[in-house]
Amino acid sequence: MEEGSAGGHQPTPDDQHASPTFNSDASTLQEKPARNSPALPIMRDYPRGYPNLAAFQNSDEAYTIYRRFGLLQSRLLLYKQDKLRGLEAQLKHMDDADSGCQPDTLTTNNLDDSRTKPRRDLFETIEKTFNEYVQLLTSAQTVMSFNKPSRADCGSVANHLSNRGQLVRREQKWIYQKEDLITLRSGRERAWLDTALEHLLKWINCGCIEYIFCSKESRQKSDDPNEVYYDRSRILILVNTILTASILALLIVPVYILYHLINNVESENVYAIYIGVLLVATLAFSADLVLFTSARRHEILASSAA
């Protein structure tokens with residue numbers, strides 16, 4: 001029933017062209033957008049095959065794994081390198097020939113006649129080939145700087161390919177070429193602790209774990225109960241909490257032990273105990289940096305020395 005006929009009044013043409021009012025609660029509820037619609041499309045919205053595989057890889061940055069085609073890079077670089085070698089030899093042969101019959105062509109670049117046209121054409125070919133070679137070198141260097149994917153991430157993509165039957169068999173073998181795989185995942189702070197926590201959460205997965213570490217958006221990515229997407233920011237909070245607690249323990253516990261040792265100096269080996277406590281604390285701090293962070297060697301040495 002329409003709002004105009006609710007009170008027994010027939011709508012007039014003026015009423016039909018009048019601007020809508022929002023005084024009634026019913027009108028207000030009708031103007032509000034639906035809040036139950038999913039914020040993100042889930043993977044079942046995409047057909048099986050490459051569309052669904054692309055949606056799966058886009059669902060988490062850990063699954064952005066691709067081949068780098070290292071063998072093809074090497075073949076292309078070797079091909080361009082040998083092509084430049086041939087052009088270099090051709091230029092050397094041209095220089096040797098001109099030095100005997102027309103040496104003036106080697107003393108200036110301002111000659112603009114038929115004698116220098118072959119040399120100019122050769123230089124244009126060399127320039128084009130060299131630019132292509134440098135572009136290949138730069139691209140290869142960029143690809144080589146990408147990180148290697150973890151074994152767990154490769155296993156997740158491989159399981160998705162095999163369990164869902166996304167691709168034909170020969171087109172899904174690329175995921176098993178471990179040495180030729182790269183990931184687009186950024187090289188941010190991600191060490192042993194991050195990976196260990198993710199494995200632990202997957203192993204003890206339950207409703208409570210999903211409630212704590214899964215956001216509303218991550219739950220909407222897939223309706224498959226076997227596919228759980230944890231919120232990276234929440235895992236990072238847990239990692240930082242563990243890291244902060246371990247650092248505080250390494251700072252407070254040795255000081256507490258040394259304080260009590262100073263007050264009880266009856267032992268003859270007290271100085272050896274001092275050195276032992278400092279040594280253990282330093283080793284524990286270094287191990288903390290190695291396992292819980294992605295610190296480099298010089299950073300670990302500087303932190304341990306400090």
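Could you grab me the full set of residues in segment 194-215 that are closer than 15 Å to residue 237 by Cβ and not in a helix (DSSP H, G or I)?
Result: 214, 215.
Going residue by residue through segment 124-134, is there one that turns out to be at pLDDT below 90 and in a helix (DSSP H, G or I)?
Restricting attention to segment 124-134, the residues satisfying the condition of being at pLDDT below 90 are none.
No, segment 124-134 contains no residue that is at pLDDT below 90 and in a helix (DSSP H, G or I).
Can you name every residue in segment 150-193 that is touching a Leu at 6+ places or on another chain (Cβ under 6 Å) and part of a loop (DSSP other than H, G, I, E, B)?
Passing the criteria: 166, 172.
If you take the residues in segment 163-173 that are surrounded by fewer than 16 Cβ atoms within 10 Å (Cβ to Cβ) and at pLDDT 85 or above, which one is nearest to residue 62 (Cα to Cα)? Spell out how you get there, then give the answer.
The first filter runs over segment 163-173 and keeps only residues surrounded by fewer than 16 Cβ atoms within 10 Å (Cβ to Cβ), leaving 163-165, 168-171, 173.
So of that shortlist, the ones also at pLDDT 85 or above come out as 168-171, 173.
Working: 168: 23, 169: 23, 170: 23, 171: 21, 173: 19 Å.
The extreme case among them is 173.
Run residue 65 past the list (1) farther than 23 Å from residue 142 by Cα; (2) touching a Cys at 6+ places or on another chain (Cβ under 9 Å) and report the number of the one that doesn't hold.
Of the numbered conditions (1) farther than 23 Å from residue 142 by Cα; (2) touching a Cys at 6+ places or on another chain (Cβ under 9 Å), the odd one out for residue 65 is (1).
Here's the yes/no breakdown for (1) among the aromatic types (Phe, Trp, Tyr); (2) part of a helix (DSSP H, G or I); (3) surrounded by 15 or more Cβ atoms within 10 Å (Cβ to Cβ); (4) at pLDDT below 85:
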position: 51; (1), (2), (3), (4): no, yes, no, no
position: 66; (1), (2), (3), (4): yes, no, yes, no
position: 74; (1), (2), (3), (4): no, yes, no, no
position: 79; (1), (2), (3), (4): yes, yes, no, no
position: 88; (1), (2), (3), (4): no, yes, no, no
position: 93; (1), (2), (3), (4): no, yes, no, no
position: 97; (1), (2), (3), (4): no, yes, no, yes
position: 104; (1), (2), (3), (4): no, yes, no, yes
position: 109; (1), (2), (3), (4): no, no, no, yes
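The values are calculated or read from the model by the stated rules, or taken from the named source; none is laboratory data. In this text the structure is predicted, and so the values were computed from the model without any measurement. Because the Cβ atoms are built from the backbone with ideal geometry, glycine has one as well, and the counts that use them run over all protein chains shown.
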